[in-house]
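The values are calculated or read from the model by the stated rules, or taken from the named source; none is laboratory data. Source: prediction; values computed, not measured. With ideal geometry, Cβ positions are generated from the backbone for all residues, glycine too; neighbour counts draw on all protein chains shown.
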Amino acid sequence: MITVKALGGCGEDARNCFYVDDGRYHILLDCGVKREIASVETVYPALSRDMAASLDAVLLSHAHEDHSAGLPYLYELGYRGPIYASRPTIALARGFMRKWVSYVKDNGGALPFDEANIDCLDFQDIEKAMNLGIRSGRSAHMLGSLWFFLEPSRILYTGDLCLDSLLLAHDELPKCDVLVVDSAYASRKIDQAKQYKALEASAIKTLERGGKILLPVPVNGRGIDMMLYLRSCGLGLDVQASIMDNAQALYRETAWIKPSPLWSELENHKKDSRIIIRGDGMMTSKSAMESYDALKGSSANTVVLTGHMANGTLGEKVLDHKLEDPIEVDEITIKVHPDCYDVIKTVQSCEPKAVMLFHSLESQALCSEIEALGIKATCTALGQLIL
């Protein structure tokens with residue numbers, strides 16, 4: 001019997017974590033947090049000491065906090081086994097965990113683990129997991145992000161998946177019996193090319209009326225894509241140094257990227273202080289907050305938000321107009337997850353017997369659409385699939 005149990009991530013947009021019992025091994029797929037200050041029960045996965053003791057391994061798909069920052073809590077519960085991930089994810093993960101710790105402390109929250117646990121985690125290269133019958137491939141969500149395929153149980157976990165990244169390469173997904181699939185944009189159809197055109201149009205419109213644009217972005221992933229795309233449109237930019245550094249580093253990671261004319265824009269040093277690109281898409285970083293404070297008093301200026309905004313962050317307050325600042329707000333989603341069309345296409349390609357949708361609050365209609373294909377599906381919080 002094969003069991004896949006959601007400990008977080010289904011019916012919600014964070015704390016992604018899945019417990020797999022395939023009859024041979026007990027494996028945890030990711031261990032993330034929900035980016036808010038609340039109780040352990042709602043912020044961290046629904047783990048127990050018994051679960052931690054039963055695990056043979058943890059597979060970490062990528063470094064983002066909603067997939068990784070629960071690992072020090074898992075250590076607190078007694079887990080001492082290997083955490084398998086790609087080399088870039090191993091290099092990045094502890095930094096994202098410390099970012100989570102800083103966020104909690106800065107907002108008066110409490111940690112259910114000793115901060116020193118971060119340095120105790122036993123990261124190992126994903127290639128060492130092959131003895132467990134685990135294959136992996138690139139998922140194009142960020143540098144180092146992977147999907148995992150468990151053999152012989154034929155369980156496929158996509159991790160966070162992007163099928164139309166401008167710069168990152170992804171590997172073809174295998175056919176499977178159980179598909180645990182990212183469905184972050186479950187209720188939407190998003191044309192990526194049109195979204196980039198909208199980003200360019202928003203910038204030009206703001207400049208034409210004499211305003212400035214603030215574009216807060218993740219310093220990895222889509223932040224690099226957007227920066228190079230805007231440069232390719234002939235626009236000068238004021239780019240935070242860490243974003244440029246990450247772009248240069250990504251270009252050297254030849255195993256993770258695909259050919260693109262956008263890479264030539266790395267040498268484009270045209271600067272315009274009116275288009276301001278700062279790190280952290282939710283505007284929780286000091287640089288993003290300071291830039292917002294400098295622009296928020298004028299309706300000629302624009303802040304462009306391009307991804308998920310967690311409750312309580314400055315980005316969420318701005319997006320929901322809770323601050324009543326006169327600055328214009330544009331929401332332009334740059335797709336780094338599958339939309340509903342991508343999910344259906346993935347299901348049809350992988351031909352699973354059962355599907356678990358995660359990373360979305362709005363996946364019930366998509367779940368019903370999959371069931372109409374004659375495939376068992378669930379998107380229920382703390383739900384499970386049994387085959």
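Would you tally the residues in region 349-377 being touching a residue at least 24 places away in the same chain (Cβ under 8 Å) and of a type in the set (S, T, N, Q)?
3
Kindly evaluate LEU228 against the criterion of being in contact with a Leu (Cβ under 7 Å, 6 or more places away or on another chain), outside any helix (DSSP H, G or I) and farther than 20 Å from LYS99 by Cβ.
no
Go through SER242, SER232 for me and flag whichever is in contact with a strand residue (DSSP E or B) (Cβ under 7 Å, 6 or more places away or on another chain), surrounded by fewer than 18 Cβ atoms within 10 Å (Cβ to Cβ) and of a type in the set (S, T, N, Q).
Exactly one of SER242, SER232 is in contact with a strand residue (DSSP E or B) (Cβ under 7 Å, 6 or more places away or on another chain), surrounded by fewer than 18 Cβ atoms within 10 Å (Cβ to Cβ) and of a type in the set (S, T, N, Q), namely SER242.
Could you say which residue among GLU324, GLU316, GLU331 is at positive phi and of a type in the set (D, E, K, R)?
GLU324
Residue-by-condition table, conditions (1) at pLDDT below 95; (2) not small (Gly, Ala, Ser):
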position	(1), (2)
ALA140	no, no
PRO152	yes, yes
ALA169	no, no
GLN195	no, yes
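Need the failing condition index for PHE96 against (1) without any contact (Cβ under 8 Å) to a residue 40 or more places away in the chain; (2) more than 15 Å from the chain's Cα centre (by Cα); (3) closer than 20 Å to PHE358 by Cβ, just the number.
With (1) without any contact (Cβ under 8 Å) to a residue 40 or more places away in the chain; (2) more than 15 Å from the chain's Cα centre (by Cα); (3) closer than 20 Å to PHE358 by Cβ applied to PHE96, the lone miss is (2).
Please verify whether ILE37 is out of contact with any Ser or Thr (no Cβ under 9 Å at 6 or more places or on another chain), over 21 Å from CYS367 (Cβ atoms) and modelled with pLDDT under 95, treating the condition exactly as stated.
Spelling it out, ILE37 is indeed out of contact with any Ser or Thr (no Cβ under 9 Å at 6 or more places or on another chain), over 21 Å from CYS367 (Cβ atoms) and modelled with pLDDT under 95.
Can you tell me how many residues within region 99-141 are in contact (Cβ under 8 Å) with a residue 40 or more places away in the chain, within 21 Å of ASP171 (Cα to Cα) and assigned to a helix (DSSP H, G or I)?
Of the residues in region 99-141, 4 are in contact (Cβ under 8 Å) with a residue 40 or more places away in the chain, within 21 Å of ASP171 (Cα to Cα) and assigned to a helix (DSSP H, G or I).
Within region 145-196, track down each residue that is among the charged types (D, E, K, R) and surrounded by fewer than 22 Cβ atoms within 10 Å (Cβ to Cβ).
Within region 145-196, GLU151, ARG154, ASP164, ASP171, GLU172, LYS175, ASP177, ARG188, LYS189, ASP191, LYS194 qualify.
Whether any residue in region 343-352 is surrounded by 21 or more Cβ atoms within 10 Å (Cβ to Cβ) and within 17 Å of GLY11 (Cβ to Cβ) is what I want to check.
Yes, region 343-352 contains at least one residue that is surrounded by 21 or more Cβ atoms within 10 Å (Cβ to Cβ) and within 17 Å of GLY11 (Cβ to Cβ).
For region 175-199, how many residues meet the condition of being touching a helix residue (DSSP H, G or I) at 6+ places or on another chain (Cβ under 7 Å), of a type outside the set (A, V, I, L, M) and over 30 Å from VAL4 (Cα atoms)?
1
Which of the strands (runs of 3 or more DSSP E) contained wholly in region 1-69 include at least 1 residues that are within 20 Å of VAL180 (Cα to Cα) and more than 24 Å from the chain's Cα centre (by Cα)?
3-8, 17-21, 26-29
Taking region 186-203 as the search range and keeping residues that are in contact (Cβ under 8 Å) with a residue 12 or more places away in the chain and over 18 Å from the mean Cα position of the chain (by Cα), which one is farthest from ASN246 (Cα to Cα)?
Residue satisfying both the conditions and the ranking: LYS189.
Run down GLY11, GLY23, GLY32 and say which single residue is of a type outside the set (D, E, K, R) and at pLDDT 95 or above.
GLY32
Out of contact with any Cys (no Cβ under 6 Å at 6 or more places or on another chain) and farther than 20 Å from ASP66 by Cβ: which single residue out of ASP191, ASP160 fits that description?
Result of the check over ASP191, ASP160: ASP191.
Taking region 76-96 only, how many residues are surrounded by 23 or more Cβ atoms within 10 Å (Cβ to Cβ) and in a helix (DSSP H, G or I)?
Going through region 76-96 one residue at a time, the tally reaches 2.
If you scan region 197-229, which residues turn out to be surrounded by fewer than 24 Cβ atoms within 10 Å (Cβ to Cβ), touching a strand residue (DSSP E or B) at 6+ places or on another chain (Cβ under 8 Å) and β-branched (Val, Ile, Thr)?
Listed by number, the residues that qualify are THR206, VAL219.
Which ones in region 246-271 are of a type in the set (Asp, Glu) and at pLDDT 95 or above?
GLU253, GLU265
Condition test on MET283, is it crowded, with 21+ Cβ neighbours inside 10 Å and on the phi > 0 side of the Ramachandran plot?
The answer is yes for MET283.
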